Amino acid sequence: MSEKRIRVLIAKPGLDGHDKGAKVIVHALKEAGMEVLYTGLHKTIDEIVNTALEEDVDVVGLSIYSGAHLPLSKKLMEQLKENKLADKLVLVGGNIPSGDAKIIKEYGVAEVFPVGAKLDEIIEFIKRKVGEQNEKT
Amino acid sequence: MKKPDKPEEIKEISLESGIKVKPVYGPEDIKDLNYAKDIGQPGEYPFTRGIHPLMYRKRPWTMRQYSGFGTAKETNERFKWLLGQGQTALNVAFDLPTQLGLDSDDPLAEEEVGRVGMAIDTLKDLEEAFADIPIDKISTSLTINPVASVMLAMYLVVAENQGIPWEEVRGTTQNDILKEYIGRGTWIFPVEPSIRLTGDMVEFCSKNVPKFNPFSVCGYHIRESGATPVQEMAYAFEIAVAYIQEVLNRGLDIDDFAGRIAFNFDIHGNIWEQVTKFRAGRRLWAKIIKERFGAKNPRSMTLRMIAGGGGGGLTIQQPENNIVRGAYYALTSALSGTQTMALCSYDEAYTIPSKKAALISLRTMQILADEMGLRDTVDPLAGSYYIEWLTGEMEKKIVECMKKVEEMGGMIKAVESGYIQEEVSRQAYIQEKRIQSGETTKIGVNKYVMEEEKAEVEIHQFNPEVAEQQKNKLKEIKIQRNENEVKDALLGLKKAAQTDENVMPHILKAVKSYVTLGEITRVFKEVFGEFKEPVGL
């Protein structure tokens, strides 16, 4: 029997219009065999959480280049918890200084992949973490 | 191992645009080139060598760094400081809520007020931003797109209040909405009504503000989103053609406005590919305007541009290397015959530029203009076998790429369907894979990588109090303004938007009555609706 494909939601929260990084990730994850949904620009955290819920994704990836990564990541994690989606693997990418990456991980984000992160490493990370999660359940 | 010494034994080199490069070029490669017809003197059709006869010998390029953050007052201080350091023009950065037509008290603006540029809610803010800056002497570029019409109106009222007649107002609103759907992403309304707003502005300016550039077509952001240099030029030209069609449909003559069309292009990557994309671009644009649109005035045929060092070439790793990259980009820009230059600062992969970083960028351009001989003679690369050959190849490629868009029914259709967005994001992915595999070298990223590097970059601290200040100011203004005037202006605006009446006089009336940017945008949203992004990749 074939394994269930990993479902990923790549989301652009807030007003930031830099979508090159998000779209590159969409291409890379698709090529790696995952099912990838892309929200498009200007989404509120509410909209992103709703999509994650409706589409039953395994992974939520936020892409942020505006500098508002701290409040946006925090809000996402809070709302995922409220919606009993705390088990989702959450990743944040974009223009993130290393000091802020630590803070974002304290919110419960699994990993931060700043500009220049290796696509192969992101793919491996998702496969490993989702695999571990599936073993648990 | 035997060293390769014959051309055919040397590894093949391909430019980003797919053109193969030989190790040596000679007279054979340009034997069909006709100087008078294909190149021409600087300032003469087809303008391959430059749009002015004397270029920098007469006047150096304009230096226009992008800046703005926090409140209008803080930004005004930075503007005056930059002008004091010898910068010759301004390029204004607005925060994202402003760029998207949201007031600072809008819930969607939370955490974004004053972050990536200055916040503008009403005329009062823009007045503060330009306090003590003579806007008839300093040309200003306003980097705003879907609500450019509102910013233009505010700017004209600021001019009026400074006692400057509209005929003397020089400047540019970026106002290239088609590229916003492709890259950069500050769009609000659907494509058709957005283009109508551009048409209203062009029509209004051609009659009332003749020295103003109502739009600047941006290949820059398309390239930053992943496009090749050929796609950058081809898509920019197709965008410009779409705007031209809109204005011609209103009965204007091409020569009424083509001389005020401006372009904004990107420089990073292979130096020769960049220089020749501009030489080819000038020649091709001149032909399009003359042959396709029948322009008579030579000025209409000139490709006037800002060519800036692109952030896409800069790296997070070893950020000081970006100072060096910036200098090479500036050199490339000067060799390309640009009218205006701007450079991303070395810290821009991290933050809004510090004063120090912004000053280094400005000094880079000044050193180039005053120390290195770049102003001595026009288009010094002309006549080089390689440069002339490559100029021809780039032109062919740009024409091919434009043809594909035209076969789809033009740029509006190609953007609405998501075709261009897909092409550009696919190219971005290809380029990213090339860098990650090391096929394309990036120093500090995939070659000469250093462990344990600690970036010495001063991070711009976002001031969360700006939002509160803006909200309070907005409250004050709403108490003081005449509500009847406000209602009246908004009603008039709505009626104009619903018909084909030009909206500019109504926006002017509204901003004078301190109607907010958000209130005006809401009227447009009611009438026009909002853009639905095609997200299939």
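The values are calculated or read from the model by the stated rules, or taken from the named source; none is laboratory data. Computed from a predicted structure; not experimentally measured. When we count neighbours, we look across all protein chains shown, and the Cβ atoms used for this are built from the backbone with ideal geometry, even at glycine.
Yes/no per residue for (1) more than 14 Å from chain A (Cβ to nearest Cβ); (2) hydrophobic (A, V, I, L, M, F, W, C); (3) more than 30 Å from B:Y429 (Cα to Cα):
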residue	(1), (2), (3)
B:I477	yes, yes, yes
B:K487	yes, no, yes
B:G492	yes, no, yes
B:A496	yes, yes, yes
B:T499	yes, no, yes
B:H506	yes, no, yes
B:A510	yes, yes, yes
B:V515	yes, yes, yes
B:G518	no, no, yes
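Within the stretch A:86-100, the set of residues being of a type outside the set (D, E), surrounded by fewer than 18 Cβ atoms within 10 Å (Cβ to Cβ) and within 15 Å of the chain's Cα centre (by Cα) comprises just one member, A:A86.
Restricting B:P193, B:P210 to those that are surrounded by fewer than 21 Cβ atoms within 10 Å (Cβ to Cβ), in contact with a helix residue (DSSP H, G or I) (Cβ under 8 Å, 6 or more places away or on another chain) and in a loop (DSSP other than H, G, I, E, B) reduces the list to B:P210.
Residues in the stretch A:32-45 that are more than 11 Å from every other protein chain (Cβ to nearest Cβ) and either assigned to a loop (DSSP other than H, G, I, E, B) or of a type in the set (A, V, I, L, M) (or both): A:A32, A:G33, A:M34.
Out of everything in the stretch A:106-120 that is at the interface with chain B (Cβ under 10 Å from one of its Cβ atoms) and exposed (fewer than 15 other Cβ atoms within 10 Å of the Cβ), what residue ends up being nearest to B:A349 (Cα to Cα)? Out of the qualifying residues, it is A:K118. Of the residues making up the stretch B:105-133, those that are within 29 Å of B:N502 (Cβ to Cβ) and part of a loop (DSSP other than H, G, I, E, B) are B:D106, B:G117, B:A119, B:I120, B:D121, B:T122, B:F130, B:I133. The test for being at pLDDT 95 or above and over 26 Å from B:S384 (Cα atoms) holds for B:K290.
Can you pull out every residue in the stretch B:479-505 that is among the hydrophobic types (A, V, I, L, M, F, W, C) and surrounded by fewer than 17 Cβ atoms within 10 Å (Cβ to Cβ)? Matches in the stretch B:479-505: B:I479, B:L491.
Each residue in the stretch B:514-536 was checked for being part of a loop (DSSP other than H, G, I, E, B) and surrounded by fewer than 19 Cβ atoms within 10 Å (Cβ to Cβ), and 7 of them qualify. Anything in the stretch A:66-105 that is of a type outside the set (S, T, N, Q), outside any helix (DSSP H, G or I) and within 14 Å of chain B (Cβ to nearest Cβ)? List them, or say none. Scanning the stretch A:66-105 gives A:G67, A:A68, A:G93, A:G94, A:I96, A:P97. Any idea which residue in the stretch B:369-426 is nearest to B:I39 (Cα to Cα), counting only those that are of a type in the set (S, T, N, Q) and part of a helix (DSSP H, G or I)? Ranking the candidates gives B:T391 first. Taking the stretch A:1-31 as the range and being touching a residue at least 40 places away in the same chain (Cβ under 8 Å), within 12 Å of chain B (Cβ to nearest Cβ) and either of a type in the set (A, V, I, L, M) or part of a strand (DSSP E or B) (or both) as the test, the residues that pass are A:L9, A:I10, A:A11, A:P13, A:L15, A:A22, A:V24, A:I25, A:A28, A:L29.
Would you please list the contacts, defined by Cβ atoms under 6 Å and residues six or more apart or on different chains, that run from a residue in the stretch B:445-461 that is under 20 Å from B:E348 (Cα atoms) and of a type outside the set (K, R) to a residue that is modelled with pLDDT under 80 and surrounded by 15 or more Cβ atoms within 10 Å (Cβ to Cβ)? Note: no pairs meet the criteria.
Tell me, yes or no, whether the stretch B:234-244 has at least one residue that is at pLDDT 95 or above, assigned to a helix (DSSP H, G or I) and more than 25 Å from B:Q421 (Cα to Cα).
no
As a summary of the residue check, B:L508 satisfies the conditions (1) in contact with a helix residue (DSSP H, G or I) (Cβ under 6 Å, 6 or more places away or on another chain); (2) surrounded by fewer than 17 Cβ atoms within 10 Å (Cβ to Cβ) except for the one numbered (2).
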